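Below you'll find the structure, written out as structure tokens, and then a few comments.
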Protein chains: 2
Amino acid sequence: MKFAGIIAEYDPFHNGHAWQLAQTKALGAERVAVAMSCSLVQRGALPLLPEAVRTRSALTCGADLVFALPAPCACAGAEAFARAGVALLAAAGCDGLVFGAETPDAALLMEAAELLDSGSYRAALKAQLAGGARSFAAARQAAAAQLASDERVAALLDKPNNNLAVEYCRAIRSLAPRMEAYPLPRQGANHGEALHSAHGQFASASALRKLWAEGGADAVAPYVPEAVFPLYQEAYAAGQYTDFSAAGRCELALLRSACRGKAPFADIRGVSEGLEHRLEAAVRTSTTYDELLDALTTVRYPRARMRRLAMDAALGCTADSLPALPPYLHLLGGKKDALPFLKNCTLPVSHSLARLRGSGGASARMAEAQLAAADFGTLCRVSPEAMGGLLRQKNIFLT
Amino acid sequence: MKFAGIIAEYDPFHNGHAWQLAQTKALGAERVAVAMSCSLVQRGALPLLPEAVRTRSALTCGADLVFALPAPCACAGAEAFARAGVALLAAAGCDGLVFGAETPDAALLMEAAELLDSGSYRAALKAQLAGGARSFAAARQAAAAQLASDERVAALLDKPNNNLAVEYCRAIRSLAPRMEAYPLPRQGANHGEALHSAHGQFASASALRKLWAEGGADAVAPYVPEAVFPLYQEAYAAGQYTDFSAAGRCELALLRSACRGKAPFADIRGVSEGLEHRLEAAVRTSTTYDELLDALTTVRYPRARMRRLAMDAALGCTADSLPALPPYLHLLGGKKDALPFLKNCTLPVSHSLARLRGSGGASARMAEAQLAAADFGTLCRVSPEAMGGLLRQKNIFLT
């Protein structure tokens, strides 16, 4: 592996992320490119910290190039998220993908990916769902267990990062077969897991967001690289972080406004099976964002999916308006001496989102959706920022 | 005068309002109907307190019937506001209009109204504006001074409540010539004036909103009728009052979202002379609602007008979507023994906004705009409420 790729959110960037970057270099990668969620994250929310802070953190700790995973690609289910990230990194020229997994066994993860791509699996899954499986995740695991020769294959689908890892492997199989998969073990806390003294200096990003909410930047100090901490202190002092309470209220304002139209959510991405009516009813009866999610979430409709649906609906993200894969490489930052690695890109590349938008077609549509998310996000900061910041943002070059 | 009408906001209802109601009865009125701003107020903002609290306060202190002055009529310039209020009260059957003025001289105010309605005044005003008058208000006063035989006529236009009073008189002249005008002196503080010990138990509504913001319901106790105060305490404890900071952020969220369209504000009510571009530029560069107003306000474009413009734009209130005058009488509350006074109404009357909306045409359009404002307002409460509350709200009957 000469040019490694990592798909990340860095929300916020912490010791585990720095460890992963160091391991990637230790695996022999000369350069590391990151596809980083931009303005929206996979759980259907705004990121805690601005792109600039997260980009600078990654570059400070070993990343060489940071590309924006456009908001509509970032705010998407595991499969679409993985495909967009892999396509982006393959277009950048990466020959390896490094990712975390509870079961860091490349062969086993690839076997699971192959299984999930098979026709027999799709048939088994369909039967499980028709048979009234408790949830999609349960149906998936039961179908895999039915078909896998190695029982470890079905077993690994039980863990959240393994699931995402398998989606990365599926995306590699279909979009970038020459890319190699490098799973790494996760350090410390599992995704979403609470802090625990046994984890030492490693904490999950969600635990850190919680710490930040309770105690500001200072509270996350033990879990983030020393070189990065001053960036967080600065962002905190300047109010450059998301006010999630304001964000929830603003999202509801947009959703209420949408309800004035007829069939307001019929064309929203991800809507099927009458979900648009369910969403409209929930918007009409909910008084807070949490209430909205409570009203939408069931075993069949997991909370993260409902968060993404609500965000898509608030931002007017329709099913037919967007290309499924990134049509460009929007460079958020890079090390100067890594720039020659950009010469083999197979997609238009620029640090200027305005320029990428200007090329029309799919690029214009993706850039507009990205800007809508960005303008929503900067309004929801503790200290809000003007619209169009992402258009004016200078590339972050580190020497 | 048998059946008096009052046009009011009661935001919040205070001792001055109670005094005015008592005076109205003292003038011989058997019954008093109020046209009360609903969900939006004339300064282009959400009212501090919900309709129900303001209605109940008025009924407790002498009002017999309270009608909603629909949000788009309430959030309008003085002329349109006055015309809507007068038309509504005339349709309810009122034979007199009681209002406050710094110069409570009916003959003089009517003389001013007649002057302002004349062709020679319109010509003089045009000349003043073409001559580069400092502001519309200044041009108006200069034009009036030029033509009035009595110098007191032009002089009275210098006071805010006189100006509104003259607009009431103009509306009476054109829409309800058989209605009689009863100007009353204002008690205590002038509109918008800060508190002053000399004013005793009288304070302006804006001073009370400021007190409330600083000290909650308790802070306004000295200035509101004893019988009303418990309603305020209850509303305060339940968080049933506007969070103006949240409202400003939500309004910006709606405006930012609108900016995604082409020429987003071209059709908004009140837009002319390129104001739509000015508004769009201000939305794009402003980080807070106050910044937005600062960017919009000039001598030519007063702050209150810009607040109304921004609210219309946020709620998508277009110039051609709405009837200029209320097409129905939406009864918010009344005393049981005053209900027979409703038999002579010349507009459809109901306590049910759903029913009025159901009659289609202008009524449906007005009701939809009213509901949009109401649903925005209830989201911006300290404790937000579900959508459609105004549809479910029970009529408030007091015996």
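Can you give the helix-only mean residue ellipticity at 222 nm for chain A, where every DSSP H stretch with n ≥ 4 adds -39500 (n - 2.57) and the sum goes over all residues, rounded to the nearest 500 deg cm²/dmol?
On the way: 18 runs with 198 residues, N = 399.
Dividing the helical sum by the residues of chain A leaves -15000 deg cm²/dmol.
For region A:90-215, what is Rg from Cα atoms divided by 2.2 N^0.38 Å, rounded to two decimals?
Output field value: 1.21.
What percent of all Cα-Cα pairs in region B:1-43 falls into each 10 Å bin, going from 0 up to the bin containing the maximum distance?
Percent of Cα pairs in each bin: 27, 51, 20, 1.
What are the label-to-label distances in nm, one decimal and shortest first, from B:Glu273 to the same spot in the other copies, with labels 7 Å along Cα to Cβ?
5.7
In which sequence would B:Arg260, B:Arg134, A:Arg209 go, from the one with the fewest C-beta neighbours within 10 Å to the one with the most? Present the calculation step by step, with values, prior to reporting the outcome.
On the way: B:Arg260 14, B:Arg134 11, A:Arg209 20.
Taking fewest neighbouring Cβ atoms as first place, the list is B:Arg134, B:Arg260, A:Arg209.
How shielded is B:251-261 by partner chains, expressed as the average number of their Cβ atoms within 10 Å of its Cβ atoms?
Working: counts 2, 6, 14, 5, 2, 9, 12, 1, 5, 7, 1.
For peptide B:251-261, the averaged partner shielding equals 6.
May I ask which residue of A:Leu296, A:Tyr168, B:Ala324 lies farthest towards the positive end of the charge dipole of the protein assembly as shown, with charges of +1 (Lys, Arg) and -1 (Asp, Glu) on Cβ and the Cα centre as origin?
Result: B:Ala324, furthest along the dipole toward the positive end.
Which one of B:Ser359, A:Ala203, A:Phe3 is farthest out on the positive end of the charge dipole of the protein assembly as shown, using unit charges on Cβ (Lys, Arg +1; Asp, Glu -1) and the Cα centre as origin?
Going by the charge dipole, the pick is B:Ser359.
Residue by residue through region B:382-399, which ³J(HN,Hα) values in whole Hz follow from phi under the Karplus form 6.51 cos²θ - 1.76 cosθ + 1.60 (θ = phi - 60°), with glycine and proline marked x?
Working through the residues one at a time gives 4, 10, x, 10, 5, 5, x, x, 5, 6, 9, 4, 6, 4, 9, 9, 10, 8 Hz.
I'd like the distance separating the alpha-carbon centroids of region B:42-65 and region A:95-123, in whole Å.
Distance between centres, Cα-based: 64 Å.
Karplus couplings for region B:279-286 from phi (6.51 cos²θ - 1.76 cosθ + 1.60, θ = phi - 60°), rounded to Hz, Gly and Pro as x?
In residue order, the calculated couplings are 5, 4, 4, 5, 4, 5, 9, 8 Hz.
Got the B:Asp294 label distances to the other copies yet, label 7 Å along Cα→Cβ, in nm, shortest first?
3.9
Distances longer than 13 Å among the Cα atoms of region A:244-314: what percent of all pairs is that? Walk me through the intermediate numbers first.
On the way: 1488 of 2485 pairs.
The calculated P(r) of region A:244-314 puts 60 percent of pairs beyond 13 Å.
What three numbers, in Å, describe the spread of the alpha carbons of region A:1-137 along their principal axes, ordered from the longest?
Taking max minus min along each principal axis of the Cα atoms, region A:1-137 gives 51, 33, 27 Å.
Using the Kirkwood radius over Cα pairs, work out the Stokes-Einstein diffusion coefficient for region B:107-158 at 20 °C and 1.002 mPa s, in µm²/s as a whole number.
For the chosen part, D equals 200 µm²/s.
What's the Kirkwood radius of the protein assembly as shown in Å, using all Cα pairs? It would help to have the intermediate numbers written out before the result.
On the way: mean 1/r = 0.0339 Å⁻¹.
For the protein assembly as shown, the Kirkwood estimate is 29.5 Å.
So what does log10 I(q)/I(0) come out to for region B:206-293 at q = 0.12, 0.15 Å⁻¹, using the Debye formula with one equal point on every Cα and no solvent?
-0.56, -0.70
If you place +1 on the Cβ of every Lys and Arg and -1 on the Cβ of every Asp and Glu, how big does the dipole about the Cα centre of chain A come out, in debye to the nearest 20? It would help to have the intermediate numbers written out before the result.
On the way: 40 positive and 37 negative charges, 146 e Å.
It works out to roughly 700 debye.
Compute the Kirkwood hydrodynamic radius of region B:62-124, taking the inverse of the mean of 1/r over all pairs of distinct Cα atoms, and give it in Å to one decimal.
Working: mean 1/r = 0.0724 Å⁻¹.
Its Kirkwood hydrodynamic radius stands at 13.8 Å.
Suppose we keep just the alpha-carbon trace of chain B; what are its Rg and Dmax in angstrom?
Rg then Dmax for chain B, in Å: 20.4, 58.
Can you work out the Karplus-derived ³J(HN,Hα) for every residue in region B:54-62? Use 6.51 cos²θ - 1.76 cosθ + 1.60 with θ = phi - 60°, whole Hz, and x for glycine or proline.
Here the 3J(HN,Hα) series is 5, 5, 4, 4, 5, 5, 5, 10, x Hz.
Hey, fewest Cβ within 10 Å first, where do A:Thr288, A:Thr378, B:Thr399, B:Thr346 land in order?
Details: A:Thr288 15, A:Thr378 23, B:Thr399 5, B:Thr346 11.
The fewest-first ordering by Cβ neighbours comes to B:Thr399, B:Thr346, A:Thr288, A:Thr378.
As a footprinting exposure proxy, order A:Lys159, B:Lys126, B:Lys335 by other Cβ within 10 Å, with the fewest listed first. Can you show the working numbers first?
Values: A:Lys159 16, B:Lys126 12, B:Lys335 19.
Placing the least packed residue first, the sequence is B:Lys126, A:Lys159, B:Lys335.
Return the long-range amide H neighbours of A:Leu97 (sequence gap of 5 or more, or a different chain), with a cut-off of under 5 Å between placed amide H atoms.
A:Gly5, A:Glu180, A:Ala181, A:Tyr182
Which three numbers, in whole Å and largest first, are the semi-axes of the equivalent ellipsoid of region A:221-349 derived from its Cα gyration tensor as √(5λ)?
Working: eigenvalues 244, 111, 35 Å².
For region A:221-349, the semi-axes come out at 35, 24, 13 Å.
For A:Ser204, what residues show an amide H to amide H distance below 5 Å, using hydrogens built from the backbone and excluding near sequence neighbours?
Residues meeting the criterion, in which the H sits 1.01 Å from N, are A:Ala189.
When each copy gets a label point 7 Å from Cα toward the beta-carbon at B:Ser118, what are the spacings between them in nm, shortest first?
9.7
Under 5 Å between amide H atoms, partner at least 5 residues away or on a different chain: which partners does A:Leu398 have, H built in plane at 1.01 Å?
Residues meeting the amide H criterion: A:Gly334, A:Lys335, A:Lys336.
Answer with one residue from A:Ala143, A:Thr287, A:Gly270: the one whose Cα lies farthest towards the positive end of the charge dipole of chain A, charges on Cβ with Lys, Arg +1 and Asp, Glu -1.
Value: A:Gly270.
Each value in this text was obtained by applying a stated rule to the coordinates, not by laboratory testing. The shown structure was predicted, so the numbers you read here are calculated from the model rather than taken from an experiment. Cβ atoms come from the backbone with ideal geometry, glycine included; neighbour counts cover every protein chain shown.
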